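A short write-up of the structure that comes next.
The values are calculated or read from the model by the stated rules, or taken from the named source; none is laboratory data. All of these numbers come straight from a predicted model, not from anything done at the bench. Just the protein is used for accessible areas: all its heavy atoms, side chains included, with ligands, DNA and RNA removed. Shrake-Rupley method; radii C 1.70, N 1.55, O 1.52, S 1.80 Å.
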Amino acid sequence: MERLNDKWIRWVAIPISILLANLVYLKEYSYNPVVYFSWAIFGMVYVAIVWEIHVRWLMLVRKRYEAIEQTRRRVLFTLVGLGVITTLSQVFFVFLTDATNLALVPITAKVYLIYWAIGLATMLLIGGFYEVTYYLQRYRQAVEEAEAVKKAGLQSQYDSLKNQVNPHFLFNALNSLSALIADDKKRAGLFIDELASVYRYILQAGQRPLVTVSDELDFLTAYRYLLDTRFSRSDGPATLCWEIDIHEQELDCLLPSLTLQTLIENALRHNSLLVEQPLRICIYTDDGMLIVRNTILRKKVAVNVQQQGGGLATLAIRFESFGLARPLIDDDGHFFTVRLALAQKERFDVHSLLAKPVVT
């Protein structure tokens, strides 16, 4: 553990305090400067020794109870130790000066109590100051560590989402693009533009962990085009149907980036897409919440969710990390519904749209 930074007390506060305190006894010293400075030097040595004992006790207690959660116990043991050390040291000081006939005033119970009270008050005051300083330091470190862990967690979740999209989605997209180039070069060019828009948004998600509903819908436009091109034929009915109805007042609300992509990928991963029974995905708002619902036609082959990574579990953690309620999930056998809490811009830094709420 780091040594207590108390040089200003040892080399400045203690000498000045002793010199000033001894001015009270100038009359007893017969205004003799030799006696005055002799007692001053003796006092400085004595207080320096006592202070060192106090510091060692303080550091011992800190080492034993250094966590911020142990503050109450640390303060209790620190104050009790300071009180015992001060009491014993003052007893020794009074006994020494009385036994050697160096005491300038008769040692009575009242004199001893005065010495003890001054010493105890001084040590408790200084000890309290250092304890408050230490607590604030530990609190600041705890906050910084929590922020670092949170940031690392968010980055890890983002990387997981990005990796989830990149390999499989890119492979399928390139297959679709390859077919389009041969059949319809104009559509192929549009497909490339939308693919670029999708990946631009994904790459920006690391810098903008919170986005507006409007931003997510803009991303969804490009993402839908790629999916519709992949799953539908130009000469046949659609196997993927969309219903989107977002109230205007919710467009500026915030949610974690790539939320819609996660939920849509989840629907595609677990359900079949058939011409006679297309997969319907409904995205709408109700009572201040964003709702994503899809029809259920489960695949016959079970999906290994753990191998897929990301998914609803990661999305729930991301919502919690921003102080938002976890998504509410309902599966009635016919529809799979996810209800998402939206955040108001006033809670966050609207300029950077970072995860840290604005302190009010």
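Observations on the structure shown:
- Residue-level accessible surface for Leu20, protein heavy atoms, 1.4 Å, Å²: 110 Å²
- Couplings for segment 241-252, taken from phi via the Karplus curve 6.51 cos²θ - 1.76 cosθ + 1.60 with θ = phi - 60°, read 10, 10, 9, 10, 8, 10, 5, 4, 5, 9, 5, 8 Hz in order; Gly and Pro are left as x.
- A probe of 1.4 angstrom, applied to the heavy atoms of all protein chains, finds Met59 with accessible area near 30 square angstrom.
- Distance histogram for segment 1-80 (every C-alpha pair counted, 5 angstrom bins, percent rounded to whole numbers): 3, 14, 19, 16, 13, 11, 9, 7, 5, 3, 1
- Three-way shape call for segment 204-261 based on the alpha-carbon gyration tensor, with the a/c threshold at 1.5: oblate
- Probe 1.4 Å, all protein chains present, accessible-area order of Trp39, Trp8, largest first: Trp8, Trp39
- Area of Glu250 that stays accessible when all protein chains are in place (1.4 Å probe, Å², to 10): 20 Å²
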